[in-house]
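Presented below is the structure to which this report refers.
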Amino acid sequence: MKSTALRLLILGIAGTILPPATQAQSATPQLTRQQKQELRETAKVVLAPLPDKMPGSENDTPARIALGKKLFFETKLSKNESISCNSCHRVDAGLGGVDNASVSSGAFAETGDRNAPTVLNAGFHLAQFWDGRAPNLVEQAKGPILNPIEMSMPEEATVLSRLNADAEYPALFRRAFPDQGSPVTYQNLAEAIAAFERTLITHDRFDDFLKGDNEALSALELQGLLKFTQYGCTTCHTGPAIGGALYQKVGLVHPYENFSDVGREKITKDEDDRYKFKVPSLRNIALTAPYFHDGGVASLDFAVRKMAYMQLGLEISTEDTHAIVAFLKSLTDKERVPAK
């Protein structure tokens, strides 16, 4: 009932707030202050600004965060010391928390079958990995280091031996975990990396708009926001992360071409979870190509049209696609916006 009422509200304001989309931003009429406020209030029913802190950050001290950052960039955590967490989830050089490869290469150049999801804002998600097999950032951090295709370390003891033999790490662990007699543990390694990842909260112009800045978004971006809600994209892409809050079948109306990856079913053993994946966050989506769980779609424009067809059974126009993409680009962290 609530969903139906919301859809009627969105459809009801569609004709009064914005005229039909146009490709040229300059041809898109400006909205009045009242129209912007109406659109803002409609969006806030299902979307929200990112909070200032992530869940679980209560015990994240500066020493623990500093250790986690060092470990995040540490190549000693891979068997041949060739890659780090940052190799696949790049947060340096203004990148979007990914390596922009369809699938990532591990320490010995082996590749998996899933696209590396962004680490930016990841702590706001209901779980980690595409299939949700890790309940939080701590458990996620433990996996890739021991994964034979990824960082390839044989067991936890080898990881700890390297860290204990290092000139800096024992003291850094003692600072980060001062109440523990032997703090260099695999659990603490993961706790520290998670503490650093919980600082990776981005800030974008869409949140400025939600918080009341009427000049934060262009007319075209506002039109894209309206189309995004009007078409029903917020059925799955909801909440502060604009995604990451639930699992959904990919190919809900029309099938996706990749039938080899059964998604969450592999974890739950439930046939109802076949082809279900965690709905990705759309924050910083313009930085994280290629798209989908297998990295099978190269461009954001095509991803938007394909999602509309697969998930909603809709074939949307070039003009509406252009407007939605413009809106999605407003979700890029202001410190990571590519130079024009």
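Take region 142-178 and flag every residue that is of a type in the set (S, T, N, Q) and in a helix (DSSP H, G or I).
Of everything in region 142-178, those that are of a type in the set (S, T, N, Q) and in a helix (DSSP H, G or I) turn out to be T158, S161, N164.
May I ask you to verify whether P29 is surrounded by fewer than 13 Cβ atoms within 10 Å (Cβ to Cβ), assigned to a loop (DSSP other than H, G, I, E, B) and modelled with pLDDT of 95 or more?
no
Please find, among L126, L71, the residue that is surrounded by 19 or more Cβ atoms within 10 Å (Cβ to Cβ) and either among the aliphatic types (A, V, I, L, M) or assigned to a helix (DSSP H, G or I) (or both).
L71
Can you name the residue in region 197-215 that is closer than 30 Å to Y309 by Cα and touching a helix residue (DSSP H, G or I) at 6+ places or on another chain (Cβ under 7 Å) and is also surrounded by the fewest Cβ atoms within 10 Å (Cβ to Cβ) among such residues?
Ranking the qualifying residues of region 197-215, first place goes to L210.
With (1) modelled with pLDDT of 95 or more; (2) out of contact with any helix residue (DSSP H, G or I) (no Cβ under 8 Å at 6 or more places or on another chain) as the list, and I65 as the residue in question, which single condition is left unmet?
The one condition I65 does not meet is (2).
Quick grid of which residues meet (1) in a loop (DSSP other than H, G, I, E, B); (2) under 21 Å from the mean Cα position of the chain (by Cα); (3) surrounded by fewer than 17 Cβ atoms within 10 Å (Cβ to Cβ):
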| site | (1), (2), (3) |
| --- | --- |
| I242 | yes, yes, no |
| V253 | yes, no, yes |
| F259 | yes, no, yes |
| R283 | yes, yes, no |
| K306 | no, yes, no |
| V325 | no, yes, no |
| L331 | yes, yes, no |
| P338 | yes, yes, yes |
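What about S281, is it under 16 Å from Q248 (Cβ atoms) and either at pLDDT 95 or above or of a type outside the set (K, R) (or both)?
Spelling it out, S281 is indeed under 16 Å from Q248 (Cβ atoms) and either at pLDDT 95 or above or of a type outside the set (K, R) (or both).
Within the set of pairs 6+ apart or on separate chains, which have a first residue in region 218-234 that is free of Cβ contacts under 8 Å to residues at least 40 places away in the same chain and assigned by TED's automatic domain parsing to the domain that holds L252, a second that is surrounded by 23 or more Cβ atoms within 10 Å (Cβ to Cβ) and aliphatic (A, V, I, L, M), and C-beta atoms under 6 Å apart?
none
The values are calculated or read from the model by the stated rules, or taken from the named source; none is laboratory data. All of these numbers come straight from a predicted model, not from anything done at the bench. Cβ atoms come from the backbone with ideal geometry, glycine included; neighbour counts cover every protein chain shown.
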